[in-house]
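To keep things clear, I will list the structure first and then write my remarks on it.
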Amino acid sequence: MSAAAVAQQLKWSTGKLTRSERNEWKFPKRTDVEALLDLYGVEGRDRAHLLSLTEEARGRSDWHEYADLFPGSLPDLEAEAVRIRTYEVVLIPGLLQTPDYAASVARASQIVPPEQIQRKVESRMARRAVLDAPQGPHLTAVVDEAAMRKVVGSCAVMAEQLRFLIGMAAHYKVTVLALPDEAGAHPAIDGAFTLYDFPRPEPGIVSITTGVETLYIEDGDYFDQHALIFDSL
């Protein structure tokens, strides 16, 4: 079967399939592996062995136990990317948030049930471990001045958050850039977005988060347009 035929039958992107076949699928989901095994007709011991390996692979991650809290395949994208570029307008980027700041954001959303806020915070902290992984991505974050001035939680929470942001800017895999108010109107004034770059020739992915969902767009032209916008920022 061709990659295109498999992707079409599973309703996957071809990039997702080829990343798995090139051993760039670091934390495969059991449901995805099961879907492949069903399509390929793999049964018996071979099937059991591959599913066992899948569980072992996911066991290497500290965040797999929070899979139900993540929009789409966010942790997988972060783990498999070689570079992450993000622009944030009103919030500090998720990978750079402190626990108290993240909890304040979760409470303000009024979407996360109160009993799940602590797990939400823990999951966000666990995701940050990807930056310390030997093969982890490099992160470049452009943060609007508005996000740094907006008081989330309390003044004490914001003071801690800004100190932490300064500290993370010294991380060897992290670059933090501030977009000042005096920059005025700019190409990304319409809103925040994140770019995930993968080993070539795989296409990159653009993610855009709304109040209720995160959209992942895997389209070469769309990605290139956002890459130009990010470069201009």
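A few comments on the model shown:
- Three-way shape label, segment 111-233, alpha-carbon gyration tensor, a/c 1.5: rounded
- Using the Karplus relation 6.51 cos²θ - 1.76 cosθ + 1.60 with θ = phi - 60°, the per-residue 3J(HN,Hα) values for segment 96-107 come to 10, 8, 7, x, 5, 5, 4, 5, 5, 5, 4, 5 Hz, with x marking Gly and Pro.
- Helix 44-59 vs. the chain, principal-axis angle (Cα, 0 to 90°, nearest 10): 10
- A simple rule links phi to the HN-Hα coupling: the Karplus curve 6.51 cos²θ - 1.76 cosθ + 1.60 with θ = phi - 60°, which for segment 162-171 gives 5, 5, 5, 4, 4, x, 5, 5, 8, 5 Hz, with x for Gly and Pro.
- Taking all Cα pairs closer than 8 Å and separated by 6 or more residues, the relative contact order of the chain comes to 21 percent.
- Of the residues Glu182, Glu122, the one with the largest accessible area comes first in the ranking Glu182, Glu122, computed with a 1.4 Å probe on protein heavy atoms.
- In summary, the lysines within cross-link reach of Lys150, defined as a Cα separation below 23 angstrom excluding same-chain residues under 8 places away, comprise Lys120.
- With all protein chains modelled, accessible area of Arg22 [1.4 Å, Å²]: 120
- Counting all C-alpha pairs of segment 153-210, share separated by more than 18 Å (%): 63
- Cross-link partners of Lys29 among lysines, defined as those whose alpha carbon lies under 16 angstrom from its own and excluding same-chain residues fewer than eight positions apart: Lys11, Lys16.
- Each residue of segment 135-147 is assigned a 3J(HN,Hα), and the resulting list reads 9, x, x, 8, 10, 10, 10, 9, 10, 5, 4, 4, 5 Hz, derived from the Karplus form 6.51 cos²θ - 1.76 cosθ + 1.60 (θ = phi - 60°), x at Gly and Pro.
- Bridge type composition, the chain - antiparallel percent by DSSP, nearest 5: 50
- Radius 15 Å from Cβ of Ala102, net charge of other residues (Lys, Arg +1; Asp, Glu -1): +3
- Largest to smallest accessible area among Glu213, Glu202, Glu43, Glu218 [probe 1.4 Å]: Glu43, Glu213, Glu218, Glu202
The values are calculated or read from the model by the stated rules, or taken from the named source; none is laboratory data. Please read these numbers as outputs of a predicted model, since none were measured by experiment. When we count neighbours, we look across all protein chains shown, and the Cβ atoms used for this are built from the backbone with ideal geometry, even at glycine. Just so you know, the surface numbers come from the protein's heavy atoms only, side chains and all, with ligands and any DNA or RNA stripped out. Shrake-Rupley method; radii C 1.70, N 1.55, O 1.52, S 1.80 Å.
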